[in-house]
Amino acid sequence: MSNIDIVLRIVFLLYVTSGDHSVIAKEEDVSSLYNNIMEDASLDTFTLVRKYGYPCEIHRVYTEDKYVLELHRIPYGKHNTSREHRPVVFLQHGLLSTSAEWVLMGTDKGLGYILAEAGYDVWMGNARGNTYSRRHISIKPSSSSFWKFSWHEIGYYDIPAMIDYVLKETGVPSLQYVAFSQGTTAFWVMTSTRPEYNDKVRAMQALAPVAYVGNIRSPLIRAIAPFTNSLEKIMRLIGTNEFMANGWINEIAGQKLCLEEAVTQSLCANILFLLCGYNAQQLNRTMLPVVLGHTPAGASTRQMIHFGQLYNSKKFTRFNHGWFVNKRTYGRFTPPAYNLSAITTPIFLHYGDNDWLSTPDDVNYLLREIKSVIGKFRVPHPKFNHLDFIFAIDAKQLIYDRIIKIMSRFI
Ligand SMILES: *[C@@H]1O[C@H](CO)[C@@H](O)[C@H](O)[C@H]1NC(C)=O
Ligand SMILES: *[C@@H]1O[C@H](CO)[C@@H](O)[C@H](O)[C@H]1NC(C)=O
Ligand SMILES: *[C@@H]1O[C@H](CO)[C@@H](O)[C@H](O)[C@H]1NC(C)=O
């Protein structure tokens, strides 16, 4: 049985015992909504943005270690078309996701669109291994050496390469950085291992920041994490290097199971809730096929294992290869901790009370470690969970408006 089977079985068991099988009744014109939802579930970021009347550009970035990444840019808004003096913002997505996460909830809800209308030149990154960045100059994604990276390499190679590209392309000396979840992890990696990048970012907004994860509350992750070492061995044996590529869950979940009229729709909602915290109020179930059409979007197994190691050690350290390779790689038997005191960029942390992955306790811990944190903000909604930062019905009112207000002080 693969790890995915195990996860599915646990999810299913918890689902059938949870007793929440309600389906929301709908009165609207289901068929045109249906077509629109199914189309948005399958369009790529570029086509999706264009569909809703916004300009979009695709840019290609090469990293030092020769991965080929795709950047998406919304250079100006649909209504605010002024192109002069637009401050530059860079958005970095979370684990198993892509640039689509900033636009897929629609033009009045997606942070990508909202920032473009607020006057920003919006650049959206894609980390190696996801749907848009599955390329390397000489290694094919079907080869296991393509997948020999965790979020360390995303922070050390990808983010710096993308930032340098954007600065060169726009001619500005520095930009603002907004990231969700793993996008924040990669930022801590970059600014602690390459401190010169601190000055290239004027301010950073961390949505659901992730570094210390010892207090994760997700029952699913707590059940699996202690087996990180065995999982790594099993996955090495069966040669699973990629974790949940796009297309995997879409087939089963995105297309049919999660639709409005499907009795199984609450299964889809429950998978998300189980991972990230329960908040039925802020989840628009109609949009589930779109969400699951774009996520999961591929990651390396090492990314998962690296997070599992952090959970078990309660530290924020480099990848643990085992003592022998550690000694060769780091010159010591245990992986070194990231030096968070090297971070000097002004940081704003945004957290939710009901976030089971980026818990308030872990965010507090991070706050004590990073000296340049200027503000820590709680989202004013008691049930706000991890994915709500991206998908909540009221994300704009609850968090984006505040972020834009803070950002305007750094223009
Ligand atoms: C439109 O964009 C410009 C920047 O090009 C910005 O100064 C202005 O505030 C924006 N307008 C609105 C209504 O947000
Ligand atoms: C949920 O999404 C659908 C489809 O985009 C939309 O028509 C509806 O207004 C949304 N509901 C809420 C409460 O935002
Ligand atoms: C961590 O970074 C700070 C600031 O750059 C530096 O003073 C300190 O020596 C570093 N610590 C380690 C263990 O490298």
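Of note:
- Phi to ³J(HN,Hα) by Karplus 6.51 cos²θ - 1.76 cosθ + 1.60 over segment 345-362, Hz, x for Gly, Pro: 4, x, 10, 10, 9, 10, 9, x, 4, 9, 7, 7, 9, 10, 7, x, 5, 5
- Separation of segment 274-311 from segment 110-178 is 19 Å, based on Cα centroids.
- Simple spin-label estimate for K405 and S145 gives 5.3 nm between the two label positions (7 Å along the Cα-to-Cβ direction from each Cα).
- Segment 315-360 has equivalent-ellipsoid semi-axes of 30, 16, 6 Å, by the square roots of 5 times the alpha carbon gyration tensor eigenvalues, sorted largest first.
- Pairs from the list K140/K200; K78/K168; K78/K200; K78/K405; K78/K140; K233/K314 with a Cα-Cα gap above 30 Å: K140/K200; K78/K140.
- Highest average packing first - 123-135, 368-380, 346-358, 43-55, Cβ atoms within 10 Å: 123-135, 346-358, 43-55, 368-380
- Segment 54-168: relative contact order in percent, alpha carbon pairs under 8 Å with at least 6 residues between: 30 percent
Taken together, the values in this text are just the output of simple stated rules run on the coordinates, not laboratory data. Note that the structure is a prediction, hence the values are computed from the model and not measured. Cβ sites come from the backbone with ideal geometry, for glycine too, and all protein chains shown count toward neighbours.
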